[in-house]
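Asks: Once you've had a glance at the structure underneath, I'll fire off some questions.
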Amino acid sequence: MRLEVKKTYKLFIGGKFPRSESGRVYKVNDHKGEFLANVAKASRKDSRDAVVAARAAQSGWAGATAYNRGQILYRIAEMLEGRREQFVEEIRALTGKTDKQANLEVDQAIDSFVWHAGWTDKIESVAGNMNPVAGPFLTSQPTSQPALLQPLRRKRRL
Amino acid sequence: MFEYAPAPESKDLVKFQDSYGHFIGGKFTKPSATYQTINPATEQYLAAISHGTAKDVDAAVKAARNAYEKTWSKLDGATRGKYLYRIARIIQERARELAVAETLNNGKPIKETRDVDIPLVASWFFYYAGWADKLDYAGLGPNPAAHGVAAQIVPWNFPLMMLAWKIAPALAAGNTVVLKPAETTPLTALLFAEICQQAELPDGVVNIVTGFGDTGAMLVDHKDVNKVAFTGSTDVGRLIAKQIAGTNKKATLELGGKAANIVFEDAALDQAVEGIVTGIFFNQGHVCCAGSRLLVQESVQDVLLKKLKRRMETIRLGDPMDKNTDIGAINSKAQLTKIEKLVKQGVKEGGERWAPNCPMPKNGFWFAPTLITGVSPANTVAREEIFGPVLSVMTFRTPAEAVAKANNSPYGLSAGIWTEKGSRILKLADQLNAGVVWANTYNQFDPASPFGGFKESGYGREGGRHGLLSYLKGAN
């Protein structure tokens with residue numbers, strides 16, 4: 001019999017997977033109350049590090065082109081689709097959902113990423129008043145000289 | 001001038017079949033009534049292409065109608081979007097192959113197909129994929145409806161890019177399509193048909209019928225077509241408008257242009273020179289929005305033209321497959337003849353012709369980058385679209401004169417402004433009758449930006465939310 005290799009769950013801060021600086025973990029049990037994993041218990045300092053990392057990355061992310069942000073969100077959807085089995089299993093173990101329910105949850109997560117991937121370069125044209133690549137130079141212009149044609153004889157309406 | 005060692009891209013990246021049928025209902029038909037498509041840079045034969053008949057057109061429209069009624073209109077937007085995302089991804093994966101195919105069949109430099117055409121094609125599908133499940137936000141109220149079957153006819157200057165501009169929004173909005181590529185450049189459209197198969201797009205959603213103008217006319221004329229989209233010459237656009245007058249068919253026409261590229265004396269001249277070169281020599285000048293009329297302020301004419309000529313002497317014309325090539329081959333013999341005729345006419349009417357001394361390859365169709373100076377506003381080369389690497393130079397003294405001269409054209413597709421003065425850019429952009437105005441840049445495209453013309457440059461917009469509306473009911 002092959003012995004299963006268990007996963008160590010850690011934090012995700014600034015693109016790295018550190019353990020908590022506090023050295024603490026807490027137990028996560030499955031839906032039957034049995035031990036599933038030890039998860040890093042983040043400290044105040046870990047939270048602070050995470051916020052610092054997020055703040056440092058914000059200007060770069062906001063400065064990336066809308067197209068690029070869309071590509072990255074779509075890439076997440078692609079990766080999630082490829083690893084769906086793992087997520088289905090984890091949801092089932094944790095919550096006790098059926099296979100169908102767990103699959104539906106993963107479907108919805110993937111589709112949500114796809115939905116938002118499409119929004120990055122459309123927010124301006126729906127909620128704003130300019131498009132994201134042209135400058136705010138142009139306003140709507142009339143068609144200049146419309147030729148208006150009326151039938152010669154119109155029924156008189158009083 | 002620097003010497004460059006040859007740096008040819010490999011032709012092995014793409015393999016064409018000997019002959020192609022039409023792509024109808026998800027399958028290729030047996031090739032029939034074939035004609036040859038060639039590489040305009042070498043005049044070498046590439047493949048045999050079927051010339052579409054009334055029967056082929058009818059079969060394609062029927063397949064599109066069937067797919068519309070039975071599958072495509074029944075799918076939810078998110079699923080349609082996912083098919084488009086798949087297509088976008090496959091185009092990204094096969095980008096180099098498509099770039100090589102486009103260069104072989106069109107004659108444009110590999111540098112341009114690789115860095116401009118194909119990335120834009122992918123981004124167009126990616127952008128409109130995102131719209132498919134967001135039609136409620138298009139500004140037409142909830143659940144806007146598609147037209148049904150769209151007939152789409154694209155030109156030879158950007159074969160695959162024009163296909164993407166047409167097919168991506170049409171499919172996102174829920175239409176099915178029959179597309180006819182230009183007779184001289186059908187190969188990337190046929191490769192795209194294979195991509196539809198790889199993406200498992202339901203049969204009949206995209207149909208491709210190859211052939212000449214008569215095939216296109218039959219497609220536009222077909223009774224079961226709801227929407228016509230055409231990019232090409234103003235003459236053919238007029239014929240199409242006449243053809244569909246009195247029917248319920250909606251049309252988007254993206255036609256010719258004779259854009260003014262206006263350079264003020266305060267502009268960064270070296271930067272402007274680059275912009276002028278990009279504006280007119282990009283894609284051999286086969287660009288409907290090319291900056292083909294240079295309007296330069298009189299005070300800087302001499303220094304600008306000196307810089308421009310020096311820059312033009314460094315342009316490399318030759319093998320489009322070479323990664324260093326700036327200007328490739330003219331797409332066809334007919335186009336070359338047209339350019340030569342118009343330039344001769346311009347010289348006869350008082351223009352002065354200048355071109356750098358650049359060696360021409362023996363085979364294929366070539367035209368050196370050319371300046372025509374001393375052009376009066378009435379000169380043929382100031383009025384007619386040449387669609388080649390030919391720049392007509394005129395001067396002006398005041399901003400008002402620049403606007404008057406720029407607007408003195410039956411066309412109104414695009415314009416360029418070169419000045420360091422922001423307020424002048426804003427004012428001129430408002431006064432120019434052009435659908436697109438570039439400031440201190442030229443020939444920039446993005447799927448999120450609507451593109452289209454004023455006056456005889458056509459009607460309707462492609463790209464952005466506006467481009468989506470062209471394929472939905474309830475919008476003009």
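All of the numbers you see were taken from the coordinates with simple rules; none came from a lab. Quick caveat, the model's predicted, so the values are computed rather than measured. Backbone-built Cβ (ideal geometry, glycine too); neighbour counts: all protein chains shown.
Asks: So for the range B:175-248, what are the equivalent ellipsoid semi-axes in whole Å, largest first, each being the square root of 5 times an eigenvalue of the Cα gyration tensor?
Replies: The three semi-axes for the range B:175-248 are 24, 16, 9 Å.
Asks: Also: Report, to one decimal in Å, the Kirkwood hydrodynamic radius for the range B:36-101 based on all distinct Cα pairs.
Replies: This gives a value of 15.4 Å.
Asks: Label the range B:160-287 by shape, choosing from rounded, prolate and oblate, from the square roots a ≥ b ≥ c of the eigenvalues of the Cα gyration tensor; if a/c is under 1.5 it is rounded, and otherwise prolate applies when a/b is larger than b/c, oblate when it is not.
Replies: prolate
Asks: Count the DSSP beta bridges whose two residues both fall in chain B, then state the antiparallel fraction as a percent rounded to the nearest 5.
Replies: In chain B, approximately 30 percent of DSSP beta bridges are antiparallel ones.
Asks: For B:THR252, enumerate residues with amide H under 5 Å from its amide H, sequence gap 5+ or separate chain, H modeled in the peptide plane.
Replies: B:VAL228, B:ALA229, B:PHE230
Asks: Same structure, new question: Work from the charge dipole of the protein assembly as shown (Cβ charges, +1 for Lys and Arg, -1 for Asp and Glu, about the Cα centre) and give the residue of B:ALA193, A:ILE91, B:SER414 farthest towards its positive end.
Replies: A:ILE91
Asks: Right, something else. Any idea what the relative contact order of the range B:73-128 is, in percent, if you count C-alpha pairs under 8 Å spaced at least 6 apart?
Replies: 45 percent
Asks: Something else: Extension gain B:GLU265-B:LYS421, at 0.36 nm per residue separation less the Cα-Cα distance, in nm?
Replies: Contour length minus the Cα-Cα distance gives 55.1 nm.
Asks: Let me ask something else. How large is Rg/Rh for chain B, to two decimals, with Cα atoms and a Kirkwood Rh?
Replies: Here the Rg-to-Rh quotient is 0.97.
Asks: Take the alpha-carbon positions of the range B:353-476, form their convex hull, and give its projected area averaged over all directions (one quarter of the hull surface) in nm².
Replies: 10.7 nm²
Asks: Under 14 Å Cα-Cα from A:LYS32, which aspartates and glutamates qualify once same-chain neighbours fewer than 8 residues away are excluded?
Replies: Leaving aside aspartates and glutamates fewer than 8 places away in the same chain, those within reach of A:LYS32 are A:GLU90.
Asks: Follow-up. Distance in nm between label sites at A:LYS32 and A:PHE12, each 7 Å beyond Cα in the beta-carbon direction?
Replies: 2.9 nm
Asks: Now a separate question. Based on the alpha-carbon gyration tensor of the range B:1-125 and its eigenvalue square roots a ≥ b ≥ c, which shape applies: rounded if a/c is under 1.5, prolate if not and a/b is larger than b/c, or oblate?
Replies: Oblate shape, in that a/c is at least 1.5 and b/c is the bigger or equal ratio.
Asks: Taking +1 at the Cβ of each Lys and Arg and -1 at the Cβ of each Asp and Glu, which of B:THR325, B:GLY351, B:ILE339 sits farthest along the dipole of the range B:306-355 towards its positive end, judged by Cα position relative to the Cα centre?
Replies: Of the options given, the answer is B:GLY351.
Asks: Taking other Cβ within 10 Å of each residue's Cβ, how do B:PHE28, B:PHE125 sort, fewest first?
Replies: By the 10 Å Cβ count, ascending: B:PHE28, B:PHE125.
Asks: Let me ask something else. Report the convex hull volume per residue for the protein assembly as shown, counting only C-alpha atoms, in Å³.
Replies: Hull volume over Cα atoms, normalised by residue count, gives 241 Å³.
Asks: With the cut-off at 29 Å, tell me which of the pairs B:LYS111/B:LYS309; B:LYS11/B:LYS309; B:LYS258/B:LYS306 have Cα atoms farther apart than that.
Replies: Among B:LYS111/B:LYS309; B:LYS11/B:LYS309; B:LYS258/B:LYS306, the Cα-Cα distance tops 29 Å for B:LYS11/B:LYS309.
Asks: Please give the length that would be gained between A:HIS116 and A:TRP61 if that part of the chain were fully extended, namely 0.36 nm times their separation in residues minus their C-alpha to C-alpha distance (nm, one decimal).
Replies: Between A:HIS116 and A:TRP61, full extension yields 18.3 nm more.
Asks: Could you work out how far apart the two model spin labels at B:TYR45 and B:ALA78 are, taking each label as a point 7 Å from the Cα in the direction of the beta carbon, and quote it in nm?
Replies: Result for the modelled spin labels: 5.2 nm.
Asks: Under a crude label model (7 Å from the Cα following the beta-carbon direction), how far is B:ASP214 from B:LYS362 in nanometres?
Replies: 3.7 nm
Asks: Can you show me the helix-derived [θ] at 222 nm for the protein assembly as shown, built from DSSP H runs with n ≥ 4 at -39,500 (n - 2.57) apiece and divided by the number of residues, rounded to the nearest 500.
Replies: My calculation for the protein assembly as shown gives -12500 deg cm²/dmol from helical runs alone.
Asks: I need to check one value: relative contact order of chain B, counting alpha carbon pairs closer than 8 Å and at least 6 residues apart, in percent.
Replies: After rounding, I find 18 percent.
Asks: Is the C-alpha gyration tensor of the range A:2-83 telling us rounded, prolate or oblate? Criteria: a/c under 1.5 is rounded; beyond that, a/b larger than b/c is prolate, otherwise oblate.
Replies: Note, shape of the range A:2-83 comes out oblate.
Asks: Listing B:MET360, B:MET312 from the residue with the fewest other Cβ atoms within 10 Å to the one with the most, what is the order?
Replies: Ranked by crowding around the Cβ, least crowded first: B:MET360, B:MET312.
Asks: Take the Cα pairs of the range B:297-348, get the Kirkwood Rh, then feed it into Stokes-Einstein at 10 °C and 1.306 mPa s and tell me D in µm²/s.
Replies: 117 µm²/s
Asks: Further, regarding this structure: Just need log10 I(q)/I(0) for the range B:1-56 at q = 0.14 Å⁻¹, Debye formula, equal scatterers on the alpha-carbon atoms, no solvent, rounded to two decimals.
Replies: -0.54
Asks: Among the listed pairs B:LYS55/B:LYS227; B:LYS108/B:LYS180; B:LYS55/B:LYS166; B:LYS166/B:LYS421; A:LYS7/A:LYS41, which have their C-alpha atoms separated by more than 26 angstrom in this model?
Replies: Too far apart for the 26 Å limit: B:LYS166/B:LYS421.
Asks: Once Lys and Arg get +1 and Asp and Glu get -1 on their Cβ, which of B:LEU239, B:THR370, B:ASN39 lies farthest toward the positive end of the dipole of the protein assembly as shown?
Replies: Farthest towards the positive end: B:LEU239.
Asks: Work out which trypsin sites (Lys or Arg not before Pro) in chain B are exposed loop sites (DSSP not H, G, I, E or B, at most 12 other Cβ within 10 Å) and give the longest gap free of them.
Replies: Within chain B, the longest run free of exposed trypsin sites (Lys or Arg not before Pro) spans B:16-222.
Asks: What average count of beta carbons from other chains do you get within 10 Å of the Cβ of residues in B:440-449?
Replies: 3
Asks: Can you spot the lysines whose alpha carbon is less than 16 Å from A:LYS45's alpha carbon? Ignore those fewer than 8 places along the same chain.
Replies: A:LYS10, A:LYS16
Asks: Relative to the longest principal axis of the C-alpha atoms of chain B, give the angle of the C-alpha long axis of helix B:422-431, reported between 0 and 90° and rounded to the nearest 10°.
Replies: 60 degrees
Asks: Still on this structure: Compute the long axis of helix B:118-131 from its Cα atoms, compare it with the longest principal axis of the Cα atoms of chain B, and write down the angle in degrees, 0 to 90, nearest 10.
Replies: So the helix axis and the longest Cα principal axis differ by about 50 degrees.
Asks: Could I ask something else about it? At a Förster radius of 51 Å, what calculated FRET efficiency corresponds to the Cβ-Cβ distance of A:ALA53 and B:SER233, to the nearest 0.05?
Replies: Using R0 = 51 Å, I get an efficiency of 0.35.
Asks: Specify the angular offset, from 0 to 90 degrees and rounded to the nearest 10, of the alpha carbon long axis of helix B:187-198 from the longest principal axis of the alpha carbons in chain B.
Replies: Value to nearest ten degrees: 40.
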